[in-house]
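This is the structure, below, for whatever I ask next.
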Amino acid sequence: MLNSILLRILTLAILWIGLGVLTIDNMAGNQFIWQAAAFSLLVLIGVFIEFFLGYDGDTNLFPVVLTIIVIGLVFLIRINPAMAVDQFIWANIGLMAYYGVLFGLRDYKKLGQYQYLWGLAALLLLVLTLIFGVTIYGATNSIRVGSIGFQPEELVKIALLLFMASYLDINKELLRIGTVQVGRFSLPDKRTLGPYIIIGMFVLGILAAQKSLGTALVFFLLMVFIIYMVTERFIYLLMSLPVIVVSGTLGYFLFGHVRVRVAIWLDPWIDATGGGYQIAQSLFAISGGRILGTGLGNGIGAYQIPFPETDFIFAVIAEEIGFVGAMAVISLFIIVVMRAFAVSIKAVDRFGQILAAGIGILIGVEALIILAGVTKMLPLTGIPLPWMSYGGSSMLVHCILLGILANISHNSSFSISDIQVGKRVGVL
Amino acid sequence: MTGGIRKIALIMVFSFVFLSLGLVYWQVVNADTMLENPANRRTILLEKRIIRGGIYDVNGVALAETRIDGTSKERVYPQGETFQPLLGYASLEYGSAGLEAALAENLLGLNDNSLVREVQDSFDLERRGNDVILTIDSRLQKTAYDGLKGKAGAVVAIDPRNGDVLALVSQPSFDANTLEKDWEAILNKAGSPLLNHAFSHFPPGSIMKVITSAALFRAGQDMTDIYNCEGSTIINGQIIQDGQAHGWVNYDLALAYSCNTYFAVHGIDAGQDIFLQAVSGFGFGREIPFELYVPPSSITKDESLPANLEINLFAESTFGQGQVMISPFHIALITAGIANKGEIMTPHLIDRVINTKQNIIYESQPELWLTALSTDEAEKIKSGMILAVNEGTASPGALPEIQVAAKTGSAEPGGNKTTHAWFIAFAPADDPQIAVAVLVEHGGSGGGAAAPIAKAVIEKALERKVGDS
């Protein structure tokens, strides 16, 4: 109890110090004091809820994510105060969603009962987006309800993860051993692998149609990594290679903007004021940060890079708190991903294991793709950095995923002790 | 499945490590290269948020300051045109030039990369650049400016003992206070006001003779030997002319009367190897180590320091015609070198740099650049220059109580245009404290157009020295 209060206070200190610096610098209005107070209160209430309801899961996961959220909030205030106001609201909603899922969801195992329903839900959400979606910056990936825009593809992440976890849970053995012999390799038959591939193809196809190429890449890697993890068969990684080559080539020749992206990636300096502007500005900001950074509020990236609050928030962070700060952020993500795997290993049932590791893979892949994009290690595909980038849907969905992860962790430690005392209890 | 999880975990960790290497590449390895990328607007943007430090003369007179009025900042140049184009400008619209550009790192406080400073930067929210104190004395600058105003040309005054640049005037000039408003007018004004004429190339004319002298000495020629100047001579079929027949002259008299034939004949005698070596010793063909860029002086159009000179061109070069090109700034340095017993000190404009906490973060030190002459050689040239003031062409530069050593030049710019008037001088001759070079473009004779300006500057400088003690 004392330990978790201490961890949260440390985390909240980052928020208040950052807010303090920005306030002195006249970059943050007074309204943020109330926003930060509400957020802090909610965090502290959470500790007591955890205590009274007897949370028994991983104690590091949440404080680490909270640190990521808080750094994101500080930088959003610095980059765009108006957007930061929204983000505070979404962060609060996210916190409540986290606790809602952690304690409200009686048993995560029930989620595994609706495997095809999740698959269908994922497809339905994407189809709806394709029909009713609004096109913003080339991608048709948000739906507007009144004044609030929502990105269903974020929700699809939950649905798809649940589908994959429950599906692989049931079909693990068949996928692992295989029933059809092709040369040296034994492959699973159509009926076993079929639904997984069909739903996967549909999801990726619709995302490609929406031109949400970054998200498509995330989902593709997620599916490949999960099936490899579950079966431990290298052939699934190998099989994905021709898919990458073919779809990459197809994308290159079908979509004009893919060609442009690749050309810019290969040499952004040729047209640093035109097509290469984004990535060039991102790199100028990052390199300008050097080791210790320019200091919070002193960078130029926040004004120079397009979309500093979403895709490029990491470039602004790397500039203003330098290599040291950027490495700290990367480390936080490594910790979250590794904790997710730890939760997975300790989970009592296979569904929980796959789901927890899947969440870890998802977060890791998302962070890697966007971070590699802003540092020009991969062609840039605009996706949000989990918990940091501006965006309500992403914040909410990742908080729900964190809730699921905590729930699995909570239920597994619980069960081990139950098994030891030899009794079976429902929940909590 | 645990094995699978571990493998995936490894893949993830390696990917993140790889990503970190990317950060090392951009933030550590490549940080400087990126700053130099022309598309990187970091320095220009920093300008908006950093209060540019001030530029002051050696006595603390403000030459350029940033005045803050509420939220707006304004760069003001209290001395108007006097210090232009030396100071230059720093404009968001038109970029920067002159010292404002050359000293940007200091003025914006970017060159202080200590760890302490970096940590301070993270919390210290008010940012101010460093102040730069120049070696320029605004009183000398004003005197030189007043003398040259309305003409085109340059005046450079240097302390020969340490290389301090005391005055650096170029005409025509402009007012940087109204630069953005008057940009078009300044660009279209005759005489290139944005260009610093002290760093532009001109033929040196007879000023070159002090340089050629070194070749004569080194060839072992006897300086007391007399030569009969008949007003003209023919070398390799080319007629070398003097304005008048100087009669029988020795070296001192030849320099004092500025006898072309003497230097052509004796220069050719000394040979091109010794001549080119001497010229190189004075810094021809070298970049001058200085805060501002000065193009290297050159002997021919194609090569600043050729290995071979065609004989007619060589003959013309000995008295500073032909294709010899030099900047007034370099000539001032050579004058300072003669004054300083043959040692040319590295010139500098920055006296010291002071940070916001009034600590000196940089202070210039006297440093030898070139040893152009031996003490003995320098003495010989000096005696010729003294004679030039007392009895020769440089007499308009004489001062009543102080012995001045000087040399005139009237360089033919080519075509039928009026000659460029040159005058170099240092004083007092026995203990030189100031060396001056004056160029009045198309001003006629050195003694007539340029000497009075040099004289006024020397007078001002030495009056100040007397007053100081």
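The values are calculated or read from the model by the stated rules, or taken from the named source; none is laboratory data. The model shown is predicted, which means the values in this text are computed figures rather than measured ones. Here Cβ is always computed from backbone atoms with ideal geometry, including for glycine, and neighbour counts include all displayed protein chains. Surface accessibility is based on the protein's heavy atoms, side chains included, excluding ligands, DNA and RNA. Shrake-Rupley method; radii C 1.70, N 1.55, O 1.52, S 1.80 Å.
Just a yes or no: is a residue in region A:370-392 crowded, with 24+ Cβ neighbours inside 10 Å, more than 30 Å from A:E232 (Cβ to Cβ) and facing another protein chain (nearest Cβ under 7 Å)?
Within region A:370-392, one or more residues are crowded, with 24+ Cβ neighbours inside 10 Å, more than 30 Å from A:E232 (Cβ to Cβ) and facing another protein chain (nearest Cβ under 7 Å).
Out of A:I235, A:I226, A:I286, A:I330, report the one residue that is closer than 28 Å to A:Y167 by Cβ and within 11 Å of chain B (Cβ to nearest Cβ). Write out each step before concluding.
Details: A:I235 fails: within 11 Å of chain B (Cβ to nearest Cβ); A:I286 fails: closer than 28 Å to A:Y167 by Cβ; A:I330 fails: closer than 28 Å to A:Y167 by Cβ.
It is A:I226.
Something else: So which of B:V76, B:V61, B:V29 is over 19 Å from A:G299 (Cα atoms), at pLDDT 85 or above and within 14 Å of chain A (Cβ to nearest Cβ)?
The unique qualifying residue is B:V29.
Going through region B:266-296 one residue at a time, which ones are outside any loop (DSSP other than H, G, I, E, B) and over 17 Å from B:M325 (Cα atoms)?
B:H266, B:G267, B:I268, B:D269, B:A270, B:Q272, B:D273, B:I274
Out of the residues in region A:343-355 that are more than 9 Å from chain B (Cβ to nearest Cβ) and not in a loop (DSSP other than H, G, I, E, B), which is surrounded by the fewest Cβ atoms within 10 Å (Cβ to Cβ)?
Looking only at region A:343-355, we keep the residues that are more than 9 Å from chain B (Cβ to nearest Cβ), and these are A:343, A:346-349, A:351-352, A:355.
Right, trim to not in a loop (DSSP other than H, G, I, E, B) and you get A:343, A:346, A:351-352, A:355.
Numbers: A:V343: 27, A:K346: 18, A:F351: 23, A:G352: 28, A:L355: 32.
Out of the qualifying residues, it is A:K346.
Given the structure, is A:T140 open to solvent by less than 60 Å² (accessible area, probe 1.4 Å), part of a strand (DSSP E or B) and of a type in the set (S, T, Y)?
Working: open to solvent by less than 60 Å² (accessible area, probe 1.4 Å): yes; part of a strand (DSSP E or B): yes; of a type in the set (S, T, Y): yes.
So A:T140 passes the test.
Of the residues that sit in region B:1-23 and are more than 7 Å from every other protein chain (Cβ to nearest Cβ) and of a type in the set (A, V, I, L, M, F, W, C), which one is surrounded by the most Cβ atoms within 10 Å (Cβ to Cβ)?
Looking at the filtered set, the residue picked out is B:I11.
Let me ask something additional. Return yes when A:A272 is farther than 19 Å from A:G18 by Cβ, without any contact (Cβ under 8 Å) to a residue 40 or more places away in the chain and more than 14 Å from chain B (Cβ to nearest Cβ) and no when it is not.
no
Could you list all residues from region B:234-253 that are surrounded by fewer than 19 Cβ atoms within 10 Å (Cβ to Cβ) and of a type outside the set (V, I, T)?
B:N236, B:G237, B:Q238, B:Q241, B:G243, B:Q244, B:A245, B:G247, B:W248, B:N250
Tell me which residues, restricted to region B:254-269, are surrounded by fewer than 22 Cβ atoms within 10 Å (Cβ to Cβ) and among the hydrophobic types (A, V, I, L, M, F, W, C).
Result: B:V265, B:I268.
A follow-up question, please. Any residue in region A:290-319 that's at the interface with chain B (Cβ under 7 Å from one of its Cβ atoms) and outside any helix (DSSP H, G or I): show its pairings with residues that are at pLDDT below 85 and open to solvent by less than 30 Å² (accessible area, probe 1.4 Å) at Cβ separation under 6 Å, as long as the two are six or more apart or on different chains.
If the second residue must be at pLDDT below 85 and open to solvent by less than 30 Å² (accessible area, probe 1.4 Å), the pairs left are A:G295/B:S122; A:I300/B:R42; A:I300/B:L45.
Still on this structure: Inside region A:27-45, can you point out the residues that are touching a helix residue (DSSP H, G or I) at 6+ places or on another chain (Cβ under 6 Å), at pLDDT 90 or above and of a type in the set (G, A, S)?
Residues satisfying the conditions are A:A36, A:S40.
Right, next: Which residue pairs have Cβ atoms under 8 Å apart, sit 6 or more places apart or on different chains, and have a first residue in region B:413-430 that is of a type in the set (K, R) and a second that is surrounded by fewer than 20 Cβ atoms within 10 Å (Cβ to Cβ) and at pLDDT 90 or above?
Listed by first residue and then by second, the contacts come to B:K417/B:H442.
Among the residues of region A:58-99, write down those that are surrounded by fewer than 24 Cβ atoms within 10 Å (Cβ to Cβ), charged (D, E, K, R) and more than 30 Å from A:S412 (Cα to Cα).
A:D86
Quick check: is even one residue across region A:322-333 under 17 Å from A:L371 (Cα atoms) and assigned to a loop (DSSP other than H, G, I, E, B)? Give the steps one after another, and end with the answer.
First, pick out the residues of region A:322-333 that are under 17 Å from A:L371 (Cα atoms): A:322-333.
Adding the requirement that they be assigned to a loop (DSSP other than H, G, I, E, B) leaves none.
Within region A:322-333, none of the residues are under 17 Å from A:L371 (Cα atoms) and assigned to a loop (DSSP other than H, G, I, E, B).
How many of the residues in region B:227-264 are farther than 26 Å from B:T335 by Cα and assigned to a loop (DSSP other than H, G, I, E, B)?
Count: 6.
What is the number of the single condition among (1) more than 14 Å from chain B (Cβ to nearest Cβ); (2) in a helix (DSSP H, G or I) that A:I17 does not meet?
That leaves (1) as the condition not met.
With the structure loaded, tell me whether B:T393 is farther than 30 Å from B:G444 by Cβ and either assigned to a loop (DSSP other than H, G, I, E, B) or acidic (D, E) (or both) or whether it fails that test.
no
Hey, another quick one. Can you give me the number of residues within region B:270-296 that are out of contact with any Pro (no Cβ under 9 Å at 6 or more places or on another chain), open to solvent by 10 Å² or more (accessible area, probe 1.4 Å) and either within 25 Å of B:F199 (Cβ to Cβ) or among the hydrophobic types (A, V, I, L, M, F, W, C) (or both)?
8
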